[in-house]
Structure formats: structure tokens, C-alpha cells
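Values in this text are rule-based calculations from the coordinates and carry no lab data. As the structure is a computational prediction, the values presented were derived from the model and not from experiment. Positions of Cβ are backbone-derived with ideal geometry, glycine not excepted, and every protein chain shown enters the neighbour counts.
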Amino acid sequence: MSSMTKMWISFASMGFMFFAILSIYFSRYKLKKGVFRFITALIAYIFMISGGLMMVYIVFSGPTN
């Protein structure tokens, strides 16, 4: 995998984590309905897990040539 591809994957994972933080904030402090809070929190945790897995993949795949 080229270094540019790894860079874009790492940017995407950071974006997923940032979106997850915003979504968790909104689900805990701004939304009052139970169903909307649950859906927002579920989407946030999915983004957080996928962003973390992408970052682990980038870190453990090693350096490029």
C-alpha cells in the first residue's frame, strides 16, 4: 500500500472519530427524545469503532518503502 493511501485512510479515521465525538455530545446533552438519542449514539459508536480499527490497521501495517 502506498504512503498516500495510508495518509488518506488515517485522515478518514480521524474524521470518523471527530464525527463520533460530536455525535456523542449531541446525543447526551442536546437531544431529549429517547429514540433519537439511541440512534445518534449508536451511529457515533459505530464511527468510533471503525475509526479505531482503521487506525490500528495503519499503525500495525508498518512503514512503506
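Look at K33, K6 and count the other Cβ atoms within 10 Å of each Cβ; fewest to most, that gives K33, K6.
Across segment 3-60, Cα-Cα pairs more than 13 Å apart make up 59 percent of the total. Just from its helices, what would the mean residue ellipticity at 222 nm be for the chain, if runs of 4 or more DSSP H residues each count -39500 (n - 2.57) and the sum is divided by every residue, rounded to the nearest 500 deg cm²/dmol? Taken over the chain, the calculation gives -27500 deg cm²/dmol.
A crude spin-label estimate for the pair A12 and S61, with each label 7 Å from Cα along the Cβ direction, gives 0.9 nm.
Calculate the spin-label point distance for S3 paired with K32, positioning each point 7 Å from the Cα along the beta-carbon direction, and give it in nanometres. Here the modelled spin labels are 5.3 nm apart.
Residues within the reach of a label modelled at Y45 (point 7 angstrom out along Cα to beta-carbon, backbone nitrogen below 18 Å), restricted to segment 10-30, are 17-30.
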